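The values are calculated or read from the model by the stated rules, or taken from the named source; none is laboratory data. None of these values were measured; they are calculated from a predicted model. Here the Cβ is made from the backbone with ideal geometry for all residues, glycine too, and neighbour counts use every protein chain on show.
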Amino acid sequence: MENNSLLTQPVPENWFPYTKFQPPQFGANVVVRLRLHTMLYEAAVRHRLTLVAAPAGSGKTILTSSLTQSDLPTAWVALDPTDDDLTSFVALILTALRDRLQDDGQAVLSFLQTVPNAPEKTSQLTAILINQLKPADQSPSVLILDDYHTIIDPAIHQFLGYLLDYLPPSLRVVIVTRYDPPLSLARLRARGQLAEIRLPQLSFDDDETAVFFNQRHQLQLTGEEVSTLQRQTEGWIAGLQLLAMVLVTIKDSQARSTYIHHLNSANRAIFALLAEEVLAHQPPDIQDFLLKTSILPELTPANCRAVTQNNAALRLLAAVYERNLFLNVLAPDALNGPFRYHDLFSSFLQERLKADRPEQWRDLHRRAAQVTVGSEQKLMHLMSAELWDEAADLLEQMGQVDTERRFTRRIVITTIEALPKSIQQAHPWLLLYVAQYYAVRGYVETAAPWLAQATACFHEQGDELGQIEALTARAMTDTLNTAEIVQAFRQKVDTVGDILRPDHRIIYHGTEQWHAIANQEWSTLTRHLQAGMQVALQSSDPGALTMAGLILGPQMLFNHDGIAPIEEFVWRSSQSAQPTDWILQICTHALLGYIRFLQGRVDEAEQAIHRSHRLLQEIGGLAWIDDHVSWLILALALTRRAYRTFDDFFTTQSVRWETQETSAGYHQGFLYLRGRFFWLQGRTAEAQTVLAQMEAHRPPSGYKIEDEERRLLLAGLIAMDTGDTGTAKRYLRQAAVLHERVRHTVLLTHPRLTLATLYGRQNRWDEALDELHAVLEQLKAQGTPGVILQEGESIVPVLNHALKQGLEPELLQPFLTMLQPVDTQTIPLPNSDRYLTPRESEVLHLLATGATNRAIAAELYVTERTVKAHVTRILTKLDAATRTEAVTKAGRLGLI
């Protein structure tokens, strides 16, 4: 089960049979229906969605295939139950629309392959697809989805619904289905964006019925007989076709008239009766051929010969086609096919086969499996033949292909689940595929028993690589037993380290890192941090950097070697990132934001973290990365005194923190920031409420050391405000002792800086400066002076006094300027607690004129570098990605 790449570039055109993208070809007996063809053409041009909905055998596919013969550019997709999975469905759409996409669909495929739980992020998928569509040259392209009734997955309906809501003029959609799909049809109808062709329009009228019987089948029926047949069938095309097959066998016109006179309504309920009559009129060799080949989704001379074991298969296949026995050719070359029976006729024949020849059912599927090339069709035959071991072997191959594509087909998972338990346990890789499928979608509890079974079976079989893969999967999902996982990993590194791939090693080192942080083992963290980054940077695997980036958290910036090694990793990773490497970009922007904040470079930190946050919103979130990004956005808001921004962001994110499993470990940290937010505004009672919430959520086993530090910090702040300085000092001293072990300030602040604030309030300036000086020495050594900013405006008096005493003026003066109250000359932004400085306002007005950085610098007598810094701050404050967007927003807000 070797997998040498985390991410293999896909070749979508090879993923599916070419026949899925070709409309079926129909014989000479088809009635040309110009009225309907024109109706469909105009509907497809003028409406976002054209719905062709009617029961089986109503002529939907025949009609819709006429669009492919028109001057409209079309993309045909023939759906079946194996496509009922969002990833497979989207890949089909991309393959069909390849020539109409600016990047051949690579952006969407990259999203599906690299973004965890991508199938649940349908709105983001839709946005990426729409943005890649080329504008129409003249006529729009038409995407035709045939047999959409085979689709059940709600995620696909949601994806298609989003697509229809935002469909550009360059694309139209036609859905061919037996039933109305669960889309917002009423809304589309009300907006005039939906055209519908249903059974009343599809049913043959008297004139079309006459053409069908008298011109196409040369039956010379009277007008009364034609009307009777049209009335009895209600113009149902499948019923008319069966009747034609019966009537051509009745040579005497009087006997034919008598048959028509005594005919009951030929609705769908008597299809089987008519089909029985048609089958009975066929020669024995054709009857046998029809029954045996009914199990084939597609018919070719080769697979018909293999299944029937009849060397005359080619002649019989041609005879069935010539007799119009519900056989359609799927390619222009009608001699070689492939062909496909109409679903109604195929179902009828299979029921007859099961009823009359049950002993042949499994054997026919066995023969079919031996000659079938397509993996999904072969799998269907093997399962029907109950060839479980062969099916399991094929599933292992399919699972390996999916792993290399980073693209799991649901049919692989559902078929594994359908295997007998004994077969599953004999093939533990299948158990692992199921575990990985559910784990990556966030269903950790569902994945756990599959992973446990896989692990046990790998051990029983002595499969070392399998054990490593299972251990890797466990490391990414089990956060409660890291000590056990680390120990197991160490044993594998010592005994079979030569078979570990780069991704295995990166995950191993990452597990060691987080285990070290949990146990305050900073030397261990530093060693494995360096090793993990080195593996990623040296690997030729394009996914290795992404994997390492996902593992790195802001806590790791407090390792013994400081910020520099991680800063270099971020720079080298960002140089390697491609436009579609969303996860890598999210991680590098977030890491850069943490680094710049801890360095005290707040403007750059804001720019980087908001880029990361925008990408997170585009892809729909990313587990713990969301939490780390949220921390910095909130910390920056407190630094800027942007309390409304803090409150709004906290409120919008709190629902996710309460429901997302990965956020559980950060719950106390976010509560602490909330309490500090209230305290900084003098809202002590509300801060006390938050402290009570923290204590109410105390785990039965006790607080983690970081959470105990947070509780002591908030309790100390509250005691400080209530005048109980003795208690405040005691709590803060206890927190400072814990901080010697914790070290980082993620969802925290530095207790000794808070102690300095307390001493400053008591005018005990020597002690305040002692605390500040001691912390400054640590921060300078680590390269993290920005930790001071996490104190917010409460530290301002201490900084003022420090500057008067000449303490680190170059370091502290910029921080003091940033933390001091806002200049009264600043320009507040409407509905926000942000503001523009007078200079930023000048720059914004010049941006509105289209001035370049050089022109603005000349106008304001400043350097281009200064202009660039102003522009960066303006974009951040207006939450704009470009200058144009900033100017547009400024105009709406009345700033220019």
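Residues L243, L263: which one is outside the structural domain of N29 (by TED's automatic domain parsing), in a helix (DSSP H, G or I) and out of contact with any His (no Cβ under 7 Å at 6 or more places or on another chain)?
On the way: L263 fails: in a helix (DSSP H, G or I).
Selected residue: L243, the only one of L243, L263 that is outside the structural domain of N29 (by TED's automatic domain parsing), in a helix (DSSP H, G or I) and out of contact with any His (no Cβ under 7 Å at 6 or more places or on another chain).
Against the conditions (1) within 27 Å of the chain's Cα centre (by Cα); (2) part of a loop (DSSP other than H, G, I, E, B); (3) not hydrophobic (A, V, I, L, M, F, W, C), R172 satisfies every one except (2).
Output the residues belonging to segment 127-152 that are part of a helix (DSSP H, G or I) and either of a type in the set (A, V, I, L, M) or modelled with pLDDT of 90 or more (or both).
First pass over segment 127-152, keeping only residues part of a helix (DSSP H, G or I): 127-132, 148-150.
Passing the criteria: A127, I128, L129, I130, Y148, H149, T150.
Taken together, Q461, Q467 contain a single residue that is farther than 30 Å from W361 by Cβ and either surrounded by 15 or more Cβ atoms within 10 Å (Cβ to Cβ) or under 28 Å from the mean Cα position of the chain (by Cα) (or both), which is Q467. When L860 is tested against (1) surrounded by fewer than 19 Cβ atoms within 10 Å (Cβ to Cβ); (2) closer than 25 Å to I633 by Cβ, only condition (2) is not met. Can you find a residue in segment 834-851 that is within 16 Å of R641 (Cα to Cα) and touching a residue at least 60 places away in the same chain (Cβ under 8 Å)? Within segment 834-851, one or more residues are within 16 Å of R641 (Cα to Cα) and touching a residue at least 60 places away in the same chain (Cβ under 8 Å). Pairs meeting the criteria (first residue in segment 143-162 and assigned by TED's automatic domain parsing to the domain that holds T126, second residue of a type in the set (D, E, K, R), beta carbons under 6 Å, at least 6 apart or on different chains) are H149/R178; T150/D80; I151/D84; I152/D84; D153/D84. Listed by position, the helices (runs of 4 or more DSSP H) inside segment 1-117 whose residues that are at pLDDT 90 or above and among the hydroxyl-bearing types (S, T, Y) number at least 2 are 34-46, 60-65.
Residues of segment 736-781 that are free of Cβ contacts under 8 Å to residues at least 12 places away in the same chain and in a loop (DSSP other than H, G, I, E, B): N763, R764. Of the numbered criteria (1) part of a helix (DSSP H, G or I); (2) surrounded by fewer than 16 Cβ atoms within 10 Å (Cβ to Cβ); (3) not charged (D, E, K, R), the one A155 fails is (2). Considering only residues in segment 695-724 that are modelled with pLDDT under 95 and of a type in the set (V, I, T), the one that is surrounded by the fewest Cβ atoms within 10 Å (Cβ to Cβ) turns out to be T722.
Taking helices (runs of 4 or more DSSP H) as the structural unit, those lying wholly within segment 453-522 and holding at least 2 residues that are under 24 Å from R741 (Cα atoms) and either of a type outside the set (V, I, T) or modelled with pLDDT under 95 (or both) correspond to 482-496, 502-518. Need pairs with beta-carbon distance below 7 Å; first residue at positive phi and not assigned by TED's automatic domain parsing to the domain that holds E322 and within segment 268-297, second crowded, with 20+ Cβ neighbours inside 10 Å and of a type outside the set (D, E, K, R); sequence gap 6+ or separate chains. As it stands, the answer is none, since no pair meets every condition given.
Within segment 84-128, work out how many residues are on the phi > 0 side of the Ramachandran plot and surrounded by fewer than 22 Cβ atoms within 10 Å (Cβ to Cβ).
If we filter segment 84-128 for residues that are on the phi > 0 side of the Ramachandran plot, which is where we start, we get 104-105, 117.
Pick out the ones that are also surrounded by fewer than 22 Cβ atoms within 10 Å (Cβ to Cβ) and you get 104, 117.
Qualifying residue count for the region: 2.
Conditions (1) among the β-branched types (V, I, T); (2) surrounded by fewer than 21 Cβ atoms within 10 Å (Cβ to Cβ); (3) at pLDDT below 90, marked per residue:
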{"site": "V796", "(1), (2), (3)": "yes, yes, no"}
{"site": "L816", "(1), (2), (3)": "no, yes, no"}
{"site": "Q820", "(1), (2), (3)": "no, yes, yes"}
{"site": "A869", "(1), (2), (3)": "no, yes, yes"}
{"site": "T884", "(1), (2), (3)": "yes, yes, yes"}
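Any chance segment 682-697 includes a residue that's in contact (Cβ under 8 Å) with a residue 40 or more places away in the chain and within 21 Å of T479 (Cα to Cα)? Among the residues of segment 682-697, not one is in contact (Cβ under 8 Å) with a residue 40 or more places away in the chain and within 21 Å of T479 (Cα to Cα), which makes the answer no. Kindly indicate whether any position in segment 833-847 is surrounded by fewer than 19 Cβ atoms within 10 Å (Cβ to Cβ), at pLDDT 85 or above, part of a loop (DSSP other than H, G, I, E, B) and within 44 Å of the chain's Cα centre (by Cα). The answer is no; no qualifying residue exists. Total residues in segment 216-245 satisfying the condition of being closer than 30 Å to E42 by Cβ and in contact (Cβ under 8 Å) with a residue 40 or more places away in the chain: the figure is 6.
T209 meets the conditions (1) free of Cβ contacts under 8 Å to residues at least 24 places away in the same chain; (2) closer than 22 Å to H37 by Cβ; (3) among the hydroxyl-bearing types (S, T, Y) in every case but one. The failed one is (1).
When R644 is tested against (1) part of a helix (DSSP H, G or I); (2) in the same structural domain as V787 (by TED's automatic domain parsing); (3) out of contact with any helix residue (DSSP H, G or I) (no Cβ under 8 Å at 6 or more places or on another chain); (4) not aromatic (F, W, Y), just one condition goes unmet, and that condition is (2).
Which residue out of E777, E791, E740, E767 is surrounded by 18 or more Cβ atoms within 10 Å (Cβ to Cβ) and of a type in the set (D, E, K, R)? Let's see the steps before the verdict.
Numbers: E777 fails: surrounded by 18 or more Cβ atoms within 10 Å (Cβ to Cβ); E740 fails: surrounded by 18 or more Cβ atoms within 10 Å (Cβ to Cβ); E767 fails: surrounded by 18 or more Cβ atoms within 10 Å (Cβ to Cβ).
None of the other options fit; the residue is E791.
Which residue out of E464, E404 is of a type outside the set (V, I, T) and closer than 21 Å to V115 by Cβ? Criteria check complete, one pass: E404.
Can you find a residue in segment 316-331 that is buried (at least 18 other Cβ atoms within 10 Å of the Cβ), at pLDDT below 90 and closer than 30 Å to D402 by Cβ? Yes, that holds for at least one residue.
For every residue, the table says whether it meets (1) under 24 Å from L163 (Cβ atoms); (2) surrounded by 22 or more Cβ atoms within 10 Å (Cβ to Cβ).
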| position | (1), (2) |
| --- | --- |
| T50 | yes, yes |
| A56 | no, no |
| G59 | no, yes |
| S65 | yes, no |
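Put simply, of A736, A768 the only residue that is modelled with pLDDT of 95 or more, farther than 17 Å from R676 by Cβ, assigned by TED's automatic domain parsing to the domain that holds Y672 and out of contact with any strand residue (DSSP E or B) (no Cβ under 7 Å at 6 or more places or on another chain) is A768. Would you tally the residues in segment 593-609 being surrounded by fewer than 23 Cβ atoms within 10 Å (Cβ to Cβ) and either closer than 16 Å to T114 by Cα or in contact with a helix residue (DSSP H, G or I) (Cβ under 6 Å, 6 or more places away or on another chain) (or both)? Selection size over segment 593-609: 6. Of all the listed residues (Y672, Y666, Y731), the sole one being assigned to a helix (DSSP H, G or I) and free of Cβ contacts under 8 Å to residues at least 24 places away in the same chain is Y731.
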